[in-house]
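A short write-up of the structure that comes next.
The values are calculated or read from the model by the stated rules, or taken from the named source; none is laboratory data. Note that the structure is predicted; figures quoted are calculated from it, not measured. No Cβ is skipped: glycine too gets one built from the backbone with ideal geometry, and neighbour counts run over all protein chains shown.
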Amino acid sequence: MIKIDDEYLINATESCYTLEKVTTIQDTKSKNYGKETKIIQGYYTSMQNALKGYLKCKMRRFVGQEENNTFFDFIKYLEKLEQSLKDIFGDV
């Protein structure tokens, strides 16, 4: 397993890579309240594609925010994400 940030990680099986989102169960009525859980965001055939999937998830979240952002804000955010991945993994 490779932790990308506090929210996402990449895992692997014999046949694919998975992008997983780490969350905490928020339902106070659940017996698992407060426990960490992982939700699979996608299945990929290569590490490069899994990283692209990560970027897509982060971009969708940014666009879906209730804040009013400009296209310039989006480009800045994307460049920041890509640079952080390069810092962690090098050019992929």
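For the stretch 4-22, filtered to residues that are out of contact with any Phe, Trp or Tyr (no Cβ under 9 Å at 6 or more places or on another chain) and acidic (Asp, Glu), the residue that is surrounded by the fewest Cβ atoms within 10 Å (Cβ to Cβ) is GLU14.
When the residues of the stretch 6-39 are filtered to those that are in contact with a Lys or Arg (Cβ under 9 Å, 6 or more places away or on another chain) and among the acidic types (Asp, Glu), the one that is farthest from ARG61 (Cα to Cα) is GLU20. If the condition is being in contact with a Ser or Thr (Cβ under 8 Å, 6 or more places away or on another chain) and within 21 Å of ASP87 (Cα to Cα), then the stretch 18-60 contributes only ALA50. Of all residues in the stretch 56-92, those being within 22 Å of THR13 (Cβ to Cβ) and at pLDDT 90 or above number 2.
Being more than 14 Å from ILE10 (Cα to Cα) and either more than 14 Å from the chain's Cα centre (by Cα) or modelled with pLDDT of 90 or more (or both) is the requirement here; does ASN49 meet it?
So ASN49 fails the test.
Scan the stretch 23-46 for residues that are among the aliphatic types (A, V, I, L, M) and either exposed (fewer than 13 other Cβ atoms within 10 Å of the Cβ) or modelled with pLDDT of 95 or more (or both) and jot them down.
ILE39, ILE40
Pairs linking a residue in the stretch 17-45 that is assigned to a loop (DSSP other than H, G, I, E, B) to a residue that is surrounded by 10 or more Cβ atoms within 10 Å (Cβ to Cβ) and charged (D, E, K, R), with Cβ atoms under 7 Å and 6 or more positions apart or on different chains, are ILE25/LYS35.
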